[in-house]
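Undergrad: Below is the structure I would like to discuss, written out as structure tokens.
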Amino acid sequence: MTHPNSLTRYPEGSIRELWSISMPLMISTLASLFMIFTDRIFLAHYSLAALNASVNAGTLAWALMIGVGMITAMSEIFVAQYNGAKQYSRLGIPVWQMIWFSFFSLAFFIPVAIWGAPLIFQGSLYAEMEIEFFRWLMFFGPSYALMTTFSGFFIGRGKTKMLVWLAVGANMINIGLDRALIFGIPGLIPEMGVRGAAIATCFGYMFEASMLAILFLSKENRQLYGAGSYKIDWAEMKKCLKVGFPQGIFCCLEVFGWAVFYWLMTALGEMHITISSICQSFTILLSFFCDGLSRGAAAVAGNLIGAKRRQFVTKVLKSGVVLLIIFNCVVGIFLVLDPDDTVRFLFLEEGSKVQVDPLFQGALRICLVFAFLYLFFEGIRWLLSGLLIAAGDTMFLLIAGSLSVWFFLLGPVYLIVVRQNLSVEYAWAMAAIYSALLLSLYWFRFKRGTWQKIDLIVDENIEVNTIPLNPSDVALDRAE
């Protein structure tokens, strides 16, 4: 039975409700991640050195961009809880605080781009390309933060369908620019290599952010949801940052940990980093399902928590696990059986020596199996993460996640694989073990129930707006 405050017409916490919210987010995330995947494909055909440089520099750049983006994405959690509590006129306030924070982040990204890149990558095997790729991603860093900020307004209300079309549009822009900027157009556009890939991706995010800004600032949203409340509200910003900073720092440190992982693979040799580049490209692309499900679960759980119906959150978890099992059964067909043709088609040039090397192919097959296991454990971990974030339990995520990547992944990889000069298969086996151990920590935290005691939106000074929307407004809202 549905509740009057439910996001959809389906029973609260059911598989159908979670799927209806998450599916558009999955497609949107897939289109966005495909931009990175497309960059890798074009760069792999440009040169394997460019591919490896983009993995090394891009992973660190994304650590910083995702770190800031996860802070601004907390607009979704507050929008969801205000929506669940029927405080409709406050929905735009946390969004505006994160818009301002996105602009403030320029003070971080620009210095890192100008002075940080040479310091970080000097002496690296692919230093020149890594510096260029990293620098241009940093110049456009706030565009990703703005995109997650505006997305949060729509995701928190369960209005996710338009995100699909915007992400597809951004992806088409990226593909067109990738081909033109990486290889160049004689007499028109010079060959840019890795710089072209970075610019193409960031232009895609700028397109998404711009379109979402226009939708957010529509007359209806200004009248009904406070989208015109552009003033800085320090109390509201403090609440957003209190929840967002631990999650942002954790994501930044975790992705930075993976950047260190790929630096270690680079130090071991070209075979290690090339196989790791291919495995990472697949895990990044396929993580669209995990990311969309996590954000969908956060939206559903946030509304339930705001409506004081926390008892349905466990049902959301069970629904998410069922969807993950189905997805991984499909993925296993492509990653666990015989992925050789797919890898050859996407990443390796016709006639490449690496392509026909039996040792390379055997190692790649084993690593892709471990990448599949890693992806399975990560899916459940991300689902639990979405539920904990919805409740505001982000400090735990910071402490557990930040320490785990160093103790469960990088420490063992360095001491066992790097020091002993072992094959790349051992490194990816440890990645799967790391994900399983971190999943266990999240599960114990969720079962302990500490998240149920956190209340983000209670404020005695707030006059709650519970005036129901008129029928025409409801019809307009459903049409989104």
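We did not get these values from a lab; they are worked out from the coordinates using the rules stated. Note that this is a predicted model, so its numbers are computed, not measured. Here the Cβ positions follow ideal geometry from the backbone for every residue, glycine too, while neighbour counts run over all protein chains shown.
Undergrad: So if each residue of separation counts as 0.36 nm, and I subtract the Cα-Cα distance between residue 231 and residue 359, what length gain in nm does that give?
TA: 40.0 nm
Undergrad: Please work out the FRET efficiency for the pair residue 447 and residue 179, using the Cβ-Cβ distance as r and a Förster radius of 35 Å; give the result to the nearest 0.05.
TA: Approximately 0.10, to the nearest 0.05.
Undergrad: What is the magnitude of the charge dipole of the chain about its Cα centre, with +1 placed on the Cβ of each Lys and Arg, -1 on the Cβ of each Asp and Glu, and no other charges, expressed in debye to the nearest 20?
TA: That gives a dipole near 1460 debye.
Undergrad: Would you check the chain for Lys pairs whose C-alpha atoms are within less than 17 Å, ignoring same-chain pairs closer than 8 in sequence, and give me the count?
TA: Final tally of qualifying lysine pairs is 9.
Undergrad: Per residue of region 404-421, what does 6.51 cos²θ - 1.76 cosθ + 1.60 with θ = phi - 60° give for ³J(HN,Hα)? Whole Hz please, x for Gly and Pro, Karplus curve as stated.
TA: So the Karplus estimates, Gly and Pro as x, are 5, 4, 8, 7, 8, 10, 5, x, x, 4, 5, 5, 9, 7, 6, 5, 8, 6 Hz.
Undergrad: How large is ³J(HN,Hα) for each residue in region 50-64, as worked out from phi by the Karplus curve 6.51 cos²θ - 1.76 cosθ + 1.60 (θ = phi - 60°), to whole Hz, x for Gly and Pro?
TA: Each residue of region 50-64 in turn: 5, 4, 5, 5, 5, 5, 4, 6, x, 5, 5, 4, 5, 4, 6 Hz.
Undergrad: Evaluate the relative contact order of region 200-331 (contact order divided by residue number), counting alpha-carbon pairs under 8 angstrom at least 6 apart; express in whole percent.
TA: So the answer I get is 10 percent.
Undergrad: With a cut-off of 8 Å between alpha carbons and a minimum separation of six or more residues, what is the relative contact order of region 15-448 in percent?
TA: 25 percent
Undergrad: If you don't mind, there's one more thing I want to ask. Taking the simple approach of a point 7 Å from Cα along Cα-to-Cβ for both residue 310 and residue 270, what is their distance in nm?
TA: Calculated label separation equals 5.7 nm.
Undergrad: Please return the longest stretch of the chain lacking exposed loop sites, where trypsin sites (Lys or Arg not before Pro) count only if DSSP places them in a loop and at most 15 other Cβ atoms lie within 10 Å.
TA: 10-230
Undergrad: Here is a follow-up. Between residue 108 and residue 421, what is 0.36 nm times their sequence separation minus the Cα-Cα distance? Round to one decimal in nm.
TA: Here the answer is 108.9 nm.
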